[in-house]
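Note sheet for the following structure.
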Amino acid sequence: MLKVNPTRAPSRRAFLGGAATAAGAILIGFRLDPGKAARAAGGPDLAGVPAQPNAFVRIAADDTVTVMIKHLDMGQGNTTGLATILADELDADWSRVRTAFAPADATLYANLLLGPVQGTGGSTAIANSWYQLRKAGAAARAMLVAAAADKWKVPASEITVESGTVRHAASNRQVRFGELAEAAAAQPVPQEPRLKDPSQWRLIGKKVPRLDSVAKTDGTAIYSMDIRRPGQVTAVVAHPPRFGGVAKSFDDKAARAVRGVVDVVAIPTGVAVIAKDTWSAMKGREALTVTWDDTAAEMRSSDAILASYRELARRPGLVASERGDAATAIKGSAKVLEAEFSFPYLAHAAMEPLNATIERARDGSYDVYAGCQLQTVEQAVIAANLGVTTDKVRLHTQWAGGSFGRRATPGADYLAEAATIVRATGGKAPIHLVWTREDDMAGGFYRPTVLHTLKAGLDAKGAITGWTHTMVGKSIMIGSPFETMIVKNGVDSTTVEGASDTPYALPAYRFEVHNAREGVPVLWWRSVGHTHTAQAMEVFIDELAYAAGADPVAFRLGLLTGAPRLSGVLKLAAEKAGWGAASAKGRGLGVAAHESFGSYVAMVADITAEDSKVKVNRIVAAVDVGIAVNPDIIRAQVEGAVGFALSSVLRNKITLKDGVVQERNFDSYEPTRMSEMPIVEVHIMPSSAAPTGIGEPGVPVLAPSISNAIFAATGQRLRSLPLDLTGMKGV
Amino acid sequence: MAKLTVNGVTHEVDADPDTPLLWVLRDHLDKTGTKYGCGIAQCGACTIHLDGQPVRSCQTRIGDVGTASVTTIEGVSGRVADAVKTAWRGLDVVQCGYCQSGQIMSAIGLLSSTPRPTDSDIDGAMDGNVCRCGTYQRIRAAIHDAARSLA
């Protein structure tokens, strides 16, 4: 049986660039601060994007409307949201709307907020597509109207469209989209189609059910793990136990004797065991003996790495931002507070372990089936590893069983590995590379370990005088193909975002950063730098509020006079959570507010402190994401962000002992479970601003809201993550 | 050759008796709705029914299945199954969806034995099913909805 999600190419076209140049050439202009890019003067002109109905919508004779999805849907629901935007402008019949994942094509499907790259990240899917899909839908609608006007010989202005039907009331004639599709396609594409007034929206802002709910509840949704191609074999790879290690030699005699094993090949990242099925490949790998060369490997333990950060933090770092003379201002203060926050490596641990299938076609081109997240980059990397030009590689993006950033690696690590196995085996059979849970968790590309040291002063009236802040961590971007675009004067914005650009009106500040060098591969993890900067900023602000004798909400609002949208969600969350009312003994409320990726989120956590543990009872969240395209999915993303992030607040960490990762499965890296899930209440701020994203912004504020609630309940100030609850006493 | 009855159909399977049922379902019988998540019974993504009882197929060896009837997400049916799927869709529980076959199989098992589960019953029956997207609030609500519709 052949199982794939359909990928439909809109038209035959020439792909630009060859394998040798593509990886470098196509990345020029890559941006990773989409929130700022969207707002900045000179940033991408999202509203000026051309109308491209042919790239984004297909109308079939049976009236189905297929919306092309240029992004990866790893659960965030963007498929439904993107289709909603186009279908509303088109006045399509929602029950006839379908979606298909688009092929890799930077010309048609680049992420307008990430530069000339097709990819999904930075919570940009809806934000970058908003005008593009509205214009595509409106243009297609205008073409249908023009076709009907021609057919009926009536003025286009007398024609109306509703729910997939084009109508001329005066002559009582109507026709379904499907009957007009062919004639509409022959009409000229209007370049500036008229977009609807928000009062005319029928789907945007309403409860529109997810398009993937049925397939994901009856077992029919196909993930790349479920791809079955004729003759397909499964590859499992023995990777070096330490980052930077390589295979020196191996003995595959016993592995080859395992029933079902068909081949064993050396590849740059280890030794691949190939078998007729997954279990046989796993057993074959167990029987394999590999001698590893650790000459170039990272041999340190994570404790030693963090200790080296403390050394670095004592030295002057690179200045990320500065105003006035913060050190002098702090010296003259009535009160001085100091704090240290440390953060561990974190694995993404998506439910679907990394995997991909690559199949060689008869003509020497290749089909790739994966949860592709940086499509045009991945296409170029795969092509380079297969030794073919980029146009010989077709990507078929599948539903992804989570990602949280892991599937978007600048070097397309696991896809490159799959390509090397295909090449090593001569492309004889389609190769399904499967990483086991252990491979996935121990495979690196973690949220970096980060250390923050902070110092701030308060004057006699409780006002902040100055703030100094040093961060140490391994840069995600330095050493990647994106380095020249993202790193300015040595400062990687993905390390310091959410701190060095704080919205708090600090009279004097200095933010410094040290780029640690180590062998552990690091990567963005749902909300990237904000995963740690929000905890440091929002817990330390809370400490200052208490030290100033001020209410934590009022103290923040006093510093946010220049940040109305952040103030707005802070006030809304506080009001809905009943901020200010007395808590029962042992219970506490804590607040945090943070902007990330152009979206504003505040949370109030209600917790009960117990001996050596904390029970999170309720989270009240307020979010401002501009226009809420699908309010129910926005709520779901914030609920999910709480469930996702809670285990990283309470217990998750990846540790290394002599360079070897210790946590390898869910027994030692345990995700949040049902019984721990708090009640999550989400309030959406009404807005007429263009939409931003919500895949990530719910994550950063959870940890500080819980940390601050623990302080409110117990007087114990916990800063580092995961929270060390061993000394906590229930009241 | 092992004989397995899956979704009412008997199959002859050419695999060693110690092979986990999960991999036989996925790689031999093409029942890919049952998912691999951890391989050590810590996540529940591979939950299927053995004679109506939810079990982790990654820890069930085919040699131990015997004549028990295997039901996967593709074949599960009946009043409770319909109520659960309807509730899941009504609340748009799913996000990435990868764990949801297992969640649904566990929920059907719970409601089959406990028609009006309390929150604590739900914790007990569902704590073994990890959802990394964190959809637990909606899973809980959907189970209560399904229970109400069955009452």
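Tell me the strands (runs of 3 or more DSSP E) entirely within the range A:265-366 that contain at least 1 residues that are under 30 Å from A:Ala508 (Cβ atoms) and either in contact with a Phe, Trp or Tyr (Cβ under 9 Å, 6 or more places away or on another chain) or free of Cβ contacts under 8 Å to residues at least 60 places away in the same chain (or both).
Once the strands (runs of 3 or more DSSP E) in the range A:265-366 are filtered for at least 1 residues that are under 30 Å from A:Ala508 (Cβ atoms) and either in contact with a Phe, Trp or Tyr (Cβ under 9 Å, 6 or more places away or on another chain) or free of Cβ contacts under 8 Å to residues at least 60 places away in the same chain (or both), what remains is A:318-323, A:335-343.
Could you check A:Asp63 against (1) within 22 Å of A:Thr160 (Cβ to Cβ); (2) outside any loop (DSSP other than H, G, I, E, B) and say which number it fails?
Of the numbered conditions (1) within 22 Å of A:Thr160 (Cβ to Cβ); (2) outside any loop (DSSP other than H, G, I, E, B), the odd one out for A:Asp63 is (2).
Please go through the range A:61-89 and give me each residue that is among the β-branched types (Val, Ile, Thr) and under 17 Å from B:Asp92 (Cβ atoms), ordered by number.
A:Thr79, A:Thr80, A:Thr84, listed by residue number.
Need pairs with beta-carbon distance below 7 Å; first residue within 13 Å of another protein chain (Cβ to nearest Cβ) and at positive phi and within the range B:38-60, second crowded, with 24+ Cβ neighbours inside 10 Å and in a strand (DSSP E or B); sequence gap 6+ or separate chains.
What qualifies is B:Ala41/B:Arg56; B:Gly44/B:Arg56.
Could you list, in sequence order, all residues of the range A:203-223 that are hydrophobic (A, V, I, L, M, F, W, C) and either closer than 19 Å to A:Ala628 by Cβ or more than 7 Å from chain B (Cβ to nearest Cβ) (or both)? Break it down into steps so the answer makes sense when it comes.
Keep residues of the range A:203-223 that are hydrophobic (A, V, I, L, M, F, W, C), which gives A:203-204, A:208, A:211, A:214-215, A:221-222.
Those that are hydrophobic (A, V, I, L, M, F, W, C) and either closer than 19 Å to A:Ala628 by Cβ or more than 7 Å from chain B (Cβ to nearest Cβ) (or both): A:Leu203, A:Ile204, A:Val208, A:Leu211, A:Ala215, A:Ile222.
Would you point out which residue out of A:Arg167, A:Arg141 is surrounded by 15 or more Cβ atoms within 10 Å (Cβ to Cβ), within 19 Å of A:Thr66 (Cβ to Cβ) and of a type outside the set (A, V, I, L, M, F, W, C)?
Values: A:Arg167 fails: within 19 Å of A:Thr66 (Cβ to Cβ).
None of the other options fit; the residue is A:Arg141.
Could you pull out the residue among A:Gly457, A:Gly427, A:Gly444, A:Gly405 that is within 14 Å of chain B (Cβ to nearest Cβ) and either on the phi < 0 side of the Ramachandran plot or not in a helix (DSSP H, G or I) (or both)? Even if it seems obvious, please write down each step before you answer.
Working: A:Gly457 fails: within 14 Å of chain B (Cβ to nearest Cβ); A:Gly427 fails: within 14 Å of chain B (Cβ to nearest Cβ); A:Gly444 fails: within 14 Å of chain B (Cβ to nearest Cβ).
Sole residue among the options that is within 14 Å of chain B (Cβ to nearest Cβ) and either on the phi < 0 side of the Ramachandran plot or not in a helix (DSSP H, G or I) (or both): A:Gly405.
Say we look at the range A:84-105 and pick out the residues that are aliphatic (A, V, I, L, M) and surrounded by fewer than 23 Cβ atoms within 10 Å (Cβ to Cβ); which of these is nearest to the chain's Cα centre (by Cα)?
Going through the qualifying residues, I end up with A:Ala100.
Exactly one of these conditions fails for A:Gly119: (1) farther than 24 Å from A:Asp367 by Cβ; (2) touching a Leu at 6+ places or on another chain (Cβ under 7 Å); (3) surrounded by 24 or more Cβ atoms within 10 Å (Cβ to Cβ). Give me its number.
Result: A:Gly119 fails condition (1) only.
Considering only the range A:372-392, I want to know if a residue exists there that is within 14 Å of chain B (Cβ to nearest Cβ) and not acidic (Asp, Glu).
yes
Hey, any hits in the range B:70-90 for a residue that's closer than 23 Å to A:Arg664 by Cα, buried (at least 24 other Cβ atoms within 10 Å of the Cβ) and within 13 Å of chain A (Cβ to nearest Cβ)?
The answer is no, given that none of the residues of the range B:70-90 is closer than 23 Å to A:Arg664 by Cα, buried (at least 24 other Cβ atoms within 10 Å of the Cβ) and within 13 Å of chain A (Cβ to nearest Cβ).
Check off (1) within 14 Å of chain B (Cβ to nearest Cβ); (2) over 33 Å from the mean Cα position of the chain (by Cα) for A:Arg285 and give me the number that stays unchecked.
All conditions are met except number (2).
Does at least one position in the range A:93-109 carry a residue that is among the acidic types (Asp, Glu), touching a helix residue (DSSP H, G or I) at 6+ places or on another chain (Cβ under 8 Å) and over 22 Å from B:Cys133 (Cβ atoms)?
yes
How about the range A:175-205: which of its residues are under 32 Å from the mean Cα position of the chain (by Cα) and free of Cβ contacts under 8 Å to residues at least 60 places away in the same chain?
A:Asp197, A:Ser199, A:Gln200
Check A:Asp251, A:Asp226 and return the single one that is charged (D, E, K, R), under 30 Å from A:Gly427 (Cβ atoms) and either more than 10 Å from chain B (Cβ to nearest Cβ) or touching a Pro at 6+ places or on another chain (Cβ under 6 Å) (or both).
Values: A:Asp226 fails: either more than 10 Å from chain B (Cβ to nearest Cβ) or touching a Pro at 6+ places or on another chain (Cβ under 6 Å) (or both).
Unique residue meeting the criteria: A:Asp251.
Filter the range A:601-628 down to residues that are of a type in the set (Val, Ile, Thr) and not in a strand (DSSP E or B) and give me whichever is farthest from the chain's Cα centre (by Cα).
A:Ile627
Could you tell me whether any residue of the range A:152-160 is touching a residue at least 24 places away in the same chain (Cβ under 8 Å) and either assigned by TED's automatic domain parsing to the domain that holds A:Ile69 or under 30 Å from B:Lys35 (Cα atoms) (or both)? Spell out how you get there, then give the answer.
In the first step, residues of the range A:152-160 are kept if they are touching a residue at least 24 places away in the same chain (Cβ under 8 Å); the result is none.
So far as the range A:152-160 goes, no, none of its residues is touching a residue at least 24 places away in the same chain (Cβ under 8 Å) and either assigned by TED's automatic domain parsing to the domain that holds A:Ile69 or under 30 Å from B:Lys35 (Cα atoms) (or both).
Could you identify the single residue in A:Thr672, A:Thr692 that is crowded, with 24+ Cβ neighbours inside 10 Å, under 30 Å from A:Glu575 (Cα atoms), within 14 Å of another protein chain (Cβ to nearest Cβ) and among the polar types (S, T, N, Q)?
That would be A:Thr672, the only listed residue that is crowded, with 24+ Cβ neighbours inside 10 Å, under 30 Å from A:Glu575 (Cα atoms), within 14 Å of another protein chain (Cβ to nearest Cβ) and among the polar types (S, T, N, Q).
With A:Glu538, A:Glu518 as the choices, which residue is part of a helix (DSSP H, G or I) and of a type outside the set (A, V, I, L, M)?
Working: A:Glu518 fails: part of a helix (DSSP H, G or I).
After applying the criteria, what remains is A:Glu538.
Can A:Ala628 be described as in contact (Cβ under 8 Å) with a residue 40 or more places away in the chain, among the small types (Gly, Ala, Ser) and facing another protein chain (nearest Cβ under 9 Å)? Show your work before the answer.
Values: in contact (Cβ under 8 Å) with a residue 40 or more places away in the chain: yes; among the small types (Gly, Ala, Ser): yes; facing another protein chain (nearest Cβ under 9 Å): no.
In short, no.
Hey, does the range B:95-103 have a residue that's crowded, with 22+ Cβ neighbours inside 10 Å, under 17 Å from B:Arg148 (Cα atoms) and either at the interface with chain A (Cβ under 7 Å from one of its Cβ atoms) or over 12 Å from the mean Cα position of the chain (by Cα) (or both)?
no
Which of the residues that make up the range A:216-235 are surrounded by fewer than 21 Cβ atoms within 10 Å (Cβ to Cβ) and touching a residue at least 12 places away in the same chain (Cβ under 8 Å)?
Result: A:Ile222, A:Arg228, A:Arg229, A:Pro230, A:Gly231, A:Gln232.
Is it true that some residue in the range A:713-720 is surrounded by 23 or more Cβ atoms within 10 Å (Cβ to Cβ) and not in a loop (DSSP other than H, G, I, E, B)?
Residues of the range A:713-720 that are surrounded by 23 or more Cβ atoms within 10 Å (Cβ to Cβ), as a first pass: A:713.
Subset that is not in a loop (DSSP other than H, G, I, E, B): A:713.
There is at least one residue in the range A:713-720 that is surrounded by 23 or more Cβ atoms within 10 Å (Cβ to Cβ) and not in a loop (DSSP other than H, G, I, E, B).
Which residue out of B:Gly33, B:Gly8 is in contact (Cβ under 8 Å) with a residue 40 or more places away in the chain and within 9 Å of chain A (Cβ to nearest Cβ)?
Every option except B:Gly33 fails the conditions.
Taking the range A:675-689 only, how many residues are among the aliphatic types (A, V, I, L, M) and either on the phi > 0 side of the Ramachandran plot or at the interface with chain B (Cβ under 8 Å from one of its Cβ atoms) (or both)?
Within the range A:675-689, residues that are among the aliphatic types (A, V, I, L, M) and either on the phi > 0 side of the Ramachandran plot or at the interface with chain B (Cβ under 8 Å from one of its Cβ atoms) (or both) number 3.
The values are calculated or read from the model by the stated rules, or taken from the named source; none is laboratory data. This one's a predicted model, so the numbers in the text were calculated from it and none came from an experiment. Neighbour counts run over all protein chains shown; Cβ positions are idealised from the backbone, glycine included.
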